[in-house]
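See structure below.
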Amino acid sequence: MKIHLILLSLIGISTACSSSSDSVSPGTGVGGSTARFTISGNTLYTVSNTALQAYDISESGNPKKGTNTKLGFGVETIFPYRNNLFIGTQTGMYIYDISQPNTPKQVSLYTHILSCDPVVAQGNYAYVTLRTGTNCRNQSVTVNSLDVIDISTVSNPKLLRSYQMTNPRGLGADSTLLFVGEGDYGLRVMDISNPLDVKELEYFYNTKTYDVIPTQKRLIVTGPTGIYQYSYADFSQLKLLSQIPVQP
């Protein structure tokens, strides 16, 4: 598990560093929804179990430590989108404004039932998966769902709708497509052109998926046996392009 998380995060770093521009725009890092660090512009953000740490990396050979922001307990994931960070915790989703990159400012907090599941954002919506069978979930709770949250006003996120899932983990969005990893239960491809009526386009039952990174019609998938790269130019038939086997 550690190997696939590291490689997904490295994809984000390499994407950000490959830009030919000296002024990197926010959101240049591309990482998985379960990542614990990310790059936005010239700033690296990391999360521990209780805090958000910023680093100025405008001089790659001389990173400078910035603000450390306390978040409470149970911090799990971090995802950059536009001028905001979406931070998943066991009790909810923080949204932090990073217009001033080195000094993130909390904009809002969306709370949900006790869970340790990730979040991604696309357009005016955030998508959160909640699942059973985790160490940070009340075992009496039996909800496995995809929650759609309206973030058109980031200071007031609102739950719009929940969709039943099997045992969802990581997820990733690209334009009108949402990919949801169902762990040992496969990979869902969802149409999110209308977030109030999300539709399943395909369900690949044999593609065991922990987390995903969709970008430029390429899908990076991590699963129990390795890291895989697929083409989704035709999303009805994922085409395997490469793989890196990893011992479970």
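For residue 53, which of the numbered conditions (1) at pLDDT 90 or above; (2) surrounded by fewer than 16 Cβ atoms within 10 Å (Cβ to Cβ) fails to hold?
Checking residue 53 against (1) at pLDDT 90 or above; (2) surrounded by fewer than 16 Cβ atoms within 10 Å (Cβ to Cβ), the one that fails is (2).
Hey, can you tell me all the residues within region 18-41 that are modelled with pLDDT of 70 or more, assigned to a loop (DSSP other than H, G, I, E, B) and open to solvent by less than 60 Å² (accessible area, probe 1.4 Å)?
Of everything in region 18-41, those that are modelled with pLDDT of 70 or more, assigned to a loop (DSSP other than H, G, I, E, B) and open to solvent by less than 60 Å² (accessible area, probe 1.4 Å) turn out to be 32, 33, 34, 35, 41.
For region 192-212, how many residues meet the condition of being open to solvent by less than 40 Å² (accessible area, probe 1.4 Å), in contact with a Ser or Thr (Cβ under 9 Å, 6 or more places away or on another chain) and under 13 Å from residue 235 (Cβ atoms)?
Looking only at that region, the number is 2.
Can you say whether residue 159 is open to solvent by 40 Å² or more (accessible area, probe 1.4 Å), in a strand (DSSP E or B), of a type outside the set (S, T, N, Q) and at negative phi, as far as the supplied structure shows?
yes
Among the residues of region 176-232, which ones are under 27 Å from residue 159 (Cβ atoms) and part of a loop (DSSP other than H, G, I, E, B)?
176, 182, 185, 186, 192, 193, 194, 198, 210
Considering only residues that are more than 12 Å from residue 37 (Cβ to Cβ) and either out of contact with any Phe, Trp or Tyr (no Cβ under 8 Å at 6 or more places or on another chain) or hydroxyl-bearing (Ser, Thr, Tyr) (or both), which ones fall in region 76-90?
The answer is 76, 81, 82, 83, 89.
With respect to residue 239, is the statement that it is surrounded by fewer than 15 Cβ atoms within 10 Å (Cβ to Cβ), in contact with an Asp or Glu (Cβ under 9 Å, 6 or more places away or on another chain), among the basic types (Lys, Arg) and farther than 22 Å from residue 90 by Cα true?
It is false that residue 239 is surrounded by fewer than 15 Cβ atoms within 10 Å (Cβ to Cβ), in contact with an Asp or Glu (Cβ under 9 Å, 6 or more places away or on another chain), among the basic types (Lys, Arg) and farther than 22 Å from residue 90 by Cα.
Considering each residue of region 67-87, count those that are surrounded by 18 or more Cβ atoms within 10 Å (Cβ to Cβ) and more than 16 Å from the chain's Cα centre (by Cα), and give that number.
2
The values are calculated or read from the model by the stated rules, or taken from the named source; none is laboratory data. Model, not experiment: these values are computed from the prediction. Don't worry about glycine lacking a Cβ; one is built from the backbone with ideal geometry, like all the others, and counts go over all protein chains shown. Accessible surface is based on the protein model in full, side chains and every heavy atom, while ligands, DNA and RNA are left aside. Shrake-Rupley method; radii C 1.70, N 1.55, O 1.52, S 1.80 Å.
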